[in-house]
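To keep things clear, I will list the structure first and then write my remarks on it.
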Amino acid sequence: MAVESFPVKPKLKPSLNSKSKHTPESKYWKSFKPKQPNQTLISSIISLSFSPNTPFDFAATHSATVTIFNSNTLEPKSTISSFKDTATSASYRSDGQLIAAGSLNGQVLVFDAKKRLVLRRLKGHNRPVHFVKFPCLDKLHLFSGADDGVVKYWDVASESVVCDLFGHKDYVRCGDGSPVSDDMFVTGGYDHEVKVWDVRVSRNGAAMGVNHGEPVEDVVYLPSGGLVATAGGNTVKIWDLIGGGRLLHSMESHNKTVTKLCVAKIGKESGEFGNQFRIMSVSLDGYLKVFDYSALKVTSSIRYPSALMSVAFSPDGSTRVVGSSSGVLYASRRKSEGSVESGMVEWGKHVGFGGVDEPEKRVLRPSYFRYFSRGQSEKPSKGDFLIMRPKKVKLAEHDKLLKKFHHKEALVSALRAKNPENIVAVMEELVSRKKLLKCVANLDVEELGLLLSFLQRYSTMPRYANMLIKLAKKVVESRIDDINGSEELKGHIWNLKRSINEELRIQQSLQELQGIISPMLKIAGRR
């Protein structure tokens, strides 16, 4: 098994035995050179998808955004930001012209890949949608699954549901379309079940089901259409659907939960690997595993510096992208043999193929830039002592203001940024400095409106309620005159009161339910 490393900082290369170092498979995966520096997005990259057509651009889903990258330069090309909540599972149509993506607000959005316009909003799920897929060749339909346990088959043109598929008893988190039939697809959920659906006989329920044994994080069809691979826990399993759902193999090479699978086509039609396929899996343990399911063995293992959430491989076999939980996109391209050969031909054209004198080396002098940059790209050898340059910490605007003791400005800056964790952290710092109430007293009407809007939105959240409820009371007591003089501030207070009353009603209902359930549990425990 070939083992590669992906270090955060320069370090010694792991030593490999000569047998694994020179295998064709290890040479193939070593030919993928990482792009530096890697792209860093704003949050966890939960989905990656390549366009099926040239130039094989790929879409990365993160936060409430889908970013499209150029697969040749590995640079961002365009951004889709039409989501009202976190986006999930962006998927290209078979012609590469449309992109569909789910959202945690329960909607499925369909976009024009080039113009980035929202063409359709499919509303039907009442819980977060976690996967959306187009069938293999069908351009008119797509299917989706959500936390409501329902799988929906959509008519994209009319924005309507063709059929609802019921069978899962828990969250539906993944799915894939059959490569041999546009009417069949497979889904997986947190009820440990993997269901095979045929929309032609949807009234009869699932055509087949298998039990993975753990919550299913991902499921993919293998190219033959008769096998599927499922990921759940730290296990990847291969099932024979034609054989009635028989388990063929179970791979347990990861130490933590496997988050995503993809099928990679390696080699060309007449190449060394003869158009072969591999299963690629990523996990929270930071490893990317390449599995040869024809030989039932792991052929490559690559270590990354953080937990991995997604993986994709380009249809032409030239680009590999991996998304991490820290928002770093690790992209690698394979150095083609053609480019090396063309470089050699170009060199030969200039200098000829006869005996030539070695060109005179240019002497570096202190007046040259290369004199000062020499050796910076050299990799350390065994026994070298590395001195790392400390990275400068970049402070947020409110942190800079706190360092200057501009307390009110720091609070207003955090409120304008609208990040609740940062706002509460600034408030806690001001409490420790005994300056929070003084800052509240000095806020103008507009700034006070920002504070009341924040309190109305987050005062009922359990993690913030203990502090924000007390602060809301102090704000109302100290700024009652300003509130009475402004209709906008009165509206914020009314909204705050309504939110608190609604939370009290919910808590009272929960206590009533607890009073009903507790005697029943005691009776059941005595039996």
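The values are calculated or read from the model by the stated rules, or taken from the named source; none is laboratory data. Not measured: the values here are computed from a predicted model. Neighbour counts are summed over all protein chains in view; Cβ atoms, including those assigned to glycine, are modelled from backbone coordinates with ideal geometry. Heads up: the accessible areas ignore ligands, DNA and RNA and are worked out on the full protein's heavy atoms, side chains in. Shrake-Rupley method; radii C 1.70, N 1.55, O 1.52, S 1.80 Å.
Within the stretch 133-144, can one find any residue that is outside any strand (DSSP E or B), open to solvent by less than 40 Å² (accessible area, probe 1.4 Å) and hydroxyl-bearing (Ser, Thr, Tyr)? Within the stretch 133-144, none of the residues are outside any strand (DSSP E or B), open to solvent by less than 40 Å² (accessible area, probe 1.4 Å) and hydroxyl-bearing (Ser, Thr, Tyr).
Taking residue 75 as the residue in question, decide whether it is of a type in the set (Asp, Glu) and within 22 Å of residue 325 (Cα to Cα). So residue 75 fits the description; yes.
Total residues in the stretch 473-527 satisfying the condition of being under 43 Å from the mean Cα position of the chain (by Cα), among the polar types (S, T, N, Q) and open to solvent by less than 100 Å² (accessible area, probe 1.4 Å): the figure is 6. Of everything in the stretch 286-306 that is free of Cβ contacts under 8 Å to residues at least 40 places away in the same chain and within 16 Å of the chain's Cα centre (by Cα), the residue that is surrounded by the fewest Cβ atoms within 10 Å (Cβ to Cβ) is 306. Condition test on residue 523, is it modelled with pLDDT under 85 and assigned to a helix (DSSP H, G or I)? Here the answer is yes, as residue 523 does meet what is asked. Touching a Pro at 6+ places or on another chain (Cβ under 9 Å), open to solvent by less than 50 Å² (accessible area, probe 1.4 Å), farther than 18 Å from residue 93 by Cα and part of a strand (DSSP E or B): does that describe residue 188? When the stated conditions are applied, residue 188 passes them. The selection criterion, being closer than 16 Å to residue 125 by Cα, crowded, with 17+ Cβ neighbours inside 10 Å and out of contact with any Gly (no Cβ under 9 Å at 6 or more places or on another chain), holds for residue 153. The C-beta contact set for the stretch 503-519 (first residue in a helix (DSSP H, G or I), second residue surrounded by 10 or more Cβ atoms within 10 Å (Cβ to Cβ) and of a type in the set (A, V, I, L, M, F, W, C), distance under 9 angstrom, 6+ apart or interchain) comprises 503/465. Checked against (1) under 22 Å from the mean Cα position of the chain (by Cα); (2) closer than 18 Å to residue 131 by Cβ; (3) hydroxyl-bearing (Ser, Thr, Tyr), residue 235 passes all but a single condition, namely (2).
The set of residues from the stretch 376-413 being over 19 Å from residue 443 (Cα atoms), free of Cβ contacts under 8 Å to residues at least 24 places away in the same chain and open to solvent by 100 Å² or more (accessible area, probe 1.4 Å) comprises 376, 377, 378, 385, 387, 389, 390, 391, 392, 393, 394, 403.
So that you can scan it fast, the table gives a plain yes or no per residue for (1) closer than 17 Å to residue 145 by Cβ; (2) part of a helix (DSSP H, G or I); (3) open to solvent by less than 40 Å² (accessible area, probe 1.4 Å):
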residue	(1), (2), (3)
194	yes, no, yes
200	no, yes, no
210	yes, no, yes
214	no, no, no
217	yes, no, no
220	yes, no, yes
228	yes, no, yes
236	no, no, yes
